[in-house]
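A.B. asks: The following block contains the structure, expressed as structure tokens.
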Amino acid sequence: MEGKTREDLEKNGMIDTWLKKHRLLYTGATKHPFILSIRDGTIDLSSFRTWLGQDYLFVREFAAFVAGVLVKAWKQSDDSYGDTEVILGGLAALNDEVEWFKREASKWDVPLSTIAPQKANGDYCRFLEYLISPEVGYTEAITAFWAIEAVYQESFAHCLEDGYKTPPELQETCQRWGNDGFGQYCLSLKKITNRCLEKASEDAQLFNASKEVLNKAEVALIRVLEHEVEFWNMSRGGS
Ligand code: HMH
């Protein structure tokens, strides 16, 4: 058992180990009733509009978070790994995304300028702010970053998999996060994260130190999943 676990770890990395351990929560975040209702076409469009307006506000804060992760990568990661290029690519994509939200909102008559963040959104954004504060290390922040992107990738890709009944007018939204390019980008973030976690694990063994960095990263992953569930719940709740 013990040996197999270690083998598993070396082959798939720490993230897959954690995802197995927190399977229920991960499924709760990626197969939420909000997403399932898009996939089966029963979504209430007022929920979709709520999600659209709230996610626009979230993405603007998220861009600041990604910029903060970029700064941490620049300070704390070895240049030769190319982490900063991947993160900068993500930041550039967010520029297009904000414009997409504006266009989509006008299509759906969602008045972006008058929308205020709901509680779940505000709580999530405060967590993002914590993650870029100086006391948080790169490994913890990049773990959260990967998880935030991966939840959307997996959720929206599910709305385009075999047998979907996603309404045509929502398919473009699902494509944004469910497309293969975004999937590849998430895999790049996952590789970076696994490498950082591996190093944290080696350091802990080498210096006989505590697993504090690993523990913090695992908690950050759990927090992201919880916030994502709350964000979907809020969207379902309507305006
Ligand atoms: C709430 N989580 C939320 N919004 C997003 N746009 C993403 C993740 C991913 O990009």
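A.B. asks: To the nearest 10 square angstrom, what accessible area does residue 226 show with a 1.4 Å probe?
C.D. replies: Number for this one is 80 Å².
A.B. asks: Using 0.36 nm per residue, how much length does the chain from residue 40 to residue 17 gain when fully extended, once their Cα-Cα distance is taken away?
C.D. replies: On the way: separation 23, 0.36 × 23 = 8.28 nm, distance 3.05 nm.
Fully extending the segment from residue 40 to residue 17 adds 5.2 nm.
A.B. asks: Here's a follow-up. Can you check what the net charge comes to around residue 78, using other residues whose Cβ is under 12 Å from the Cβ of residue 78 (Lys, Arg +1; Asp, Glu -1)? Before the final figure, lay out each step's value.
C.D. replies: On the way: positive: 75, 195, 199; negative: 79, 83.
Net charge in that neighbourhood comes out at +1.
A.B. asks: Going through the DSSP H helices of the chain, which span 24 Å or more along their own axis at the Cα atoms while scoring at least -1.0 as a mean Kyte-Doolittle hydropathy? Show your work: numbers first, answer last.
C.D. replies: Values: long enough: 45-76 (44 Å, 0.42); 83-107 (36 Å, -0.30); 138-158 (30 Å, 0.23); 180-206 (38 Å, -0.52); 212-236 (36 Å, -0.05).
The qualifying helices are 45-76, 83-107, 138-158, 180-206, 212-236.
A.B. asks: Largest first, please: the extent of the C-alpha atoms of segment 13-235 along each principal axis, to the nearest Å.
C.D. replies: On the principal axes, segment 13-235 reaches 56, 34, 31 Å in Cα extent.
A.B. asks: Separate question: Round to the nearest 0.05 the FRET efficiency obtained for residue 102 and residue 81 when R0 = 41 Å and r is the Cβ-Cβ distance.
C.D. replies: Numbers: r = 35 Å, r/R0 = 0.84.
About 0.75, to the nearest 0.05.
A.B. asks: So if we plug the beta-carbon distance of residue 219 and residue 92 into 1/(1 + (r/R0)^6) with R0 = 30 Å, what FRET efficiency do we get, rounded to 0.05? Don't skip to the end; give the middle numbers.
C.D. replies: Values: r = 30 Å, r/R0 = 0.99.
It comes out at approximately 0.50.
A.B. asks: Another one. Sort out for me the Cα centre separation of segment 66-141 from segment 168-219, rounded to whole Å.
C.D. replies: With segment 66-141 and segment 168-219 each reduced to a Cα centre, they are spaced 15 Å.
A.B. asks: Please give the per residue accessible area of segment 13-235, computed with a probe of 1.4 Å over protein heavy atoms only, in Å². If you can, show how the numbers build up before the last one.
C.D. replies: On the way: 10510 Å² over 223 residues.
Averaged over the residues of segment 13-235, the accessible area is 47 Å².
The values are calculated or read from the model by the stated rules, or taken from the named source; none is laboratory data. From a predicted model like this one, the values you see are computed outputs, not experimental measurements. With ideal geometry, Cβ positions are generated from the backbone for all residues, glycine too; neighbour counts draw on all protein chains shown. Side chains included, ligands, DNA and RNA excluded: accessible areas come from the protein's heavy atoms. Shrake-Rupley method; radii C 1.70, N 1.55, O 1.52, S 1.80 Å.
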